[in-house]
Amino acid sequence: LAWLILRQQDAVGVTIIDEQVRSSLPPSGQAAHLKQVIQQLERSSPAGASRLAAILNELAEQIPRRGLVLLISDLFVESEELAQSLRHLRFRGHDVGVLQVIDAAEQDFPFEEATEFTGLEGTGAETVSPRSIRDAYRSEFEEFLRITSARCRQLGVDYRLIRTDEPPDRALSQFLSERRAGR
């Protein structure tokens, strides 16, 4: 995506967050900037909880010019807080896109045997029988995805669900095609 943006002679920057801003690379339109963007992404790794909504609100105030803000996240945050921060970005004049990345197992829930599930956001671990919770889990997860997608649409935010078992280039291509078709 950074390569495409730079080819259009637009600027691209990257901010990586969790409970705070971990790293930030200011926007630049120089072709050599692509290497820095890639290095920034390669050095990052997911870890723990995030303060996504709060940090998005802070960033909305700090981004000096209107532009495209593309959020790539699992979006495991409070729905109303996320909506408020996306609304804030839109109010500040930004074109906002959301790529919600989830692991296929989060949606499909293919587990059969008693399994210990550990919350990545520090919520602890619990051993459960997947068969006993499968239907309720799937129903809640699909409702979470439905609400997230609907909120984005209501706010004029382009949204795409991307599963980790989907080739990233195809997912990104479809997202860009959907954006283009919606214009």
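The values are calculated or read from the model by the stated rules, or taken from the named source; none is laboratory data. Everything numeric in this text was worked out from a predicted model, so none of it was measured. Note that each Cβ is placed from the backbone with ideal geometry, even for glycine, and that neighbours are counted across all protein chains shown. Keep in mind that these areas ignore ligands, DNA and RNA; they rest on the heavy atoms of the full protein, side chains included. Shrake-Rupley method; radii C 1.70, N 1.55, O 1.52, S 1.80 Å.
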Ile147 neighbourhood, Cβ < 14 Å, K/R = +1, D/E = -1, net charge -3
One can check that the equivalent ellipsoid of the stretch 139-183, built from the alpha-carbon gyration tensor with semi-axes equal to the square roots of five times its eigenvalues, has lengths in Å, largest first, of 19, 17, 5
Carbon and sulfur atoms account, in whole percent of the 1.4 Å probe accessible area of the chain, for 50
Rg/Rh ratio calculated on Cα atoms of the chain (Kirkwood radius): 0.98
The chain: calculated mean residue ellipticity at 222 nm from DSSP helix runs of at least 4, using -39500 (n - 2.57): -14500 deg cm²/dmol
Count the DSSP beta bridges whose two residues both fall in the stretch 40-145, then state the antiparallel fraction as a percent rounded to the nearest 5. 45
The chain accessible area per residue, 1.4 Å probe, protein heavy atoms, integer Å², reads 63
Only bridges whose two residues both fall in the chain count here: according to DSSP, what percent of them are antiparallel, nearest 5? 45
Cα Rg over Rh - the stretch 78-120, Kirkwood: 1.20
Projected area of the stretch 1-78, taken from the Cα convex hull and averaged over every viewing direction, in nm²? 5.3
At what distance in angstrom do the alpha carbon centres of the stretch 83-105 and the stretch 118-183 lie from each other? 13
